[in-house]
Amino acid sequence: MTNTYTSMEELPVTLNAQDVATVLGISRANAYCLMHSRGFPTLQIGKRMVVPKDKLIEWINEHIK
């Protein structure tokens, strides 16, 4: 199931790969690749990978050209 967010305030505190894909407008597979990449703010909890909302927003702002 894909969630639809209309603002950053609606995002959950942590985002899974599907949420990251939805927010960035990329595929879930590309979201997983991004979450495994160096410098991306992924938090590993056991085998689960999530991205804190505030860190994702910071990452987006740092990568705007």
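The values are calculated or read from the model by the stated rules, or taken from the named source; none is laboratory data. Treat the numbers as computed from the prediction; the structure is a model and nothing was measured. Backbone-built Cβ (ideal geometry, glycine too); neighbour counts: all protein chains shown. Note: accessible area is taken over every heavy atom of the protein model, side chains too, but ligands, DNA and RNA are not part of it. Shrake-Rupley method; radii C 1.70, N 1.55, O 1.52, S 1.80 Å.
Any chance you could run the full-extension gain for ARG48 through SER7? It's 0.36 nm times the residue separation minus the Cα-Cα distance, nm to one decimal. Don't jump to the answer; show the numbers that get you there.
Working: separation 41, 0.36 × 41 = 14.76 nm, distance 2.49 nm.
The ARG48-SER7 span can extend by a further 12.3 nm.
Of all accessible surface on the chain at a 1.4 Å probe, what whole percent is carbon and sulfur? Walk me through the numbers before you get to the answer.
Working: 2510 of 4660 Å².
Answer for the chain is 54 percent, counting heavy atoms of protein chains only.
Over the chain, how many percent of alpha carbon pairs lie in each 10 Å bin up to the one with the longest distance?
It works out to 21, 60, 18, 0, in whole percents.
LEU15's amide H: which non-local residues (gap 5+, or another chain) put their own amide H closer than 5 Å, with H modeled 1.01 Å from N in plane and none for Pro or chain starts?
VAL51, LYS53
For the chain, with every protein chain kept in place, what is the accessible area per residue (1.4 Å probe, Å²)?
Details: 4660 Å² over 65 residues.
On a per-residue basis, the chain sits at 72 Å².
Tell me which GluC sites (Glu not before Pro) from the chain have a DSSP coil assignment and no more than 16 other beta carbons within 10 Å of their own.
none
For LYS65, which aspartates and glutamates qualify as cross-link partners when the Cα separation must be under 20 Å and same-chain residues fewer than eight apart are set aside?
Hits, sequence-local ones excluded: ASP54.
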